[in-house]
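So the structure is just underneath, and the comments pick up after that.
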Amino acid sequence: MSVKQVLVVAAAITALAAAEGRDPTSQAQIEPAFEKAPHELTAQPSARAPAATLPRALAKLLDWFRAHVQWRRAARPRAPGYNSPFSLFRQEHSEVRIPVKPAGSDTDRPVPPLNDEEKRIIIGRGTERPFSGKYWDHFEPGLYACRQCGTALYSSKSKFRSECGWPSFDDEIPGAVRRRPDPDGLRTEITCTACGGHLGHVFKGERITPKNVRHCVNSASLTFRPPGQHSPEKSGREEAIFAGGCFWGVEHHLEQVDGVIGVTSGYTGGRVANPTYEQVCTGKTHHAEAVRVVFDPRRVTYERVARVFFEIHDPAQLNRQGPDVGTQYRSAVFYADRGQKETAEKLIAELRANGYEVVTELLPASEFFPAEDYHQNYLATHPARPTCHIRTPRFDVPAKR
Ligand SMILES: [Zn+2]
């Protein structure tokens, strides 16, 4: 049973625990689900795991839960909903999605030192009183940057009126915001990827905007910049999307490239919006498992990232990658502009000249849907590392005949 199948089972167990009214974010509460799991899971079509392999899978899973901070409750939960006037809910806990790496030269702009109230919020993870900050009712075009380090975090385009008393955004600048379980055991805290400063919390499922996400951010954690003053969206960040089999391996390798700020596993190139892992696994949505890479073009070129991509997966395998078979595992480059397209074409031509029968698809980037939180940053935290993505020199070494 592959690690991936184990996680399908994990999802099923989580659903099972939730369906039985247990808190799926509590290890103590989910453990009883393991006892019943083999019986219950065989009746679940989504689990797709033969009954005989389940005991082994479950042992593996239990280890995984024990190893995962996402399942560890750090403190007794406080009353939920304090930050959410819209609904009470069990916030699913996300793992750290973006590796901790300095965002480098985004911080070139001098930032004044923090005052005591800002320190209390940004460093002490505090919360400002609602309707008291300077940006909850602020709607002008521009960027909201980290008060502590100056990295751009949110565009005014994603700011919306929530009337909750704190600035609300339904999207972040890719790679700029990190998620982690809040010590209260219920919410997901958001911090600045570059400096780790506390921003606030992120909530899903309130149905206020079509994206169905609300970043609830302290004004004190932000500093507003009108257009023209700072545009790291253009100068300091560029995005690339690659598909090369199971996204865990692709993510794992690409996040280690110098100059890469963040990576996200997800789905793209398919026919439905917001697909789930289970839907993508059927192959019917035609999504590819893909990885969105945010990099600083002043530190690493698109070509360099793309070269790594072609060496960590086998671009000559059609609709599969190693043991993973299906169109969701196809090899593809989703280019953002003509420059990326031409670079990818050049690299494919180089590989073909070296004797590799490249089948990689070259497609314009379409909407990218981040995968479920349990897929993010998976290999970094899991000891059992699948070996289907191994760096193999292809640009310097001709194909074997
Ligand atoms: Zn920061």
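Every number here is computed from the coordinates shown, using simple stated rules; none is lab data. Nothing here was measured: the structure is a model prediction, and the numbers come from that model. For neighbour counting, all protein chains shown are included, and Cβ atoms are generated from backbone atoms with ideal geometry for every residue, glycine included.
Quick rundown of the values:
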item	result
Computed Kirkwood radius, in angstrom, where 1/r is averaged over Cα pairs of region 116-225	13.6 Å
Sequence-distant residues sharing a close amide H with Ala371 (under 5 Å, placed H)	Ser265, Gly266, Tyr267
FRET E, pair Glu372, Phe395, Förster distance 35 Å, beta-carbon r, rounded to 0.05	0.55
In sequence order, calculated HN-Hα J values of region 293-310 (Karplus, 6.51, -1.76, 1.60; Hz; x Gly/Pro)	10, 9, 9, 9, x, 7, 10, 8, 8, 4, 4, 5, 5, 5, 4, 4, 3, 6
Gln256-Phe131 FRET efficiency (beta carbon distance; Förster radius 51 Å; 0.05 resolution)	0.70
Angstrom value of the Kirkwood radius, inverse mean 1/r, which spans all Cα pairs in region 161-217	11.7 Å
Distant alpha-carbon pairs in region 274-345 (separation over 17 angstrom), percent	52 percent
Set Lys134/Lys204; Lys134/Lys157; Lys204/Lys341; Lys119/Lys159; Lys119/Lys211 screened for pairs whose C-alpha atoms are more than 28 Å apart	Lys204/Lys341; Lys119/Lys211
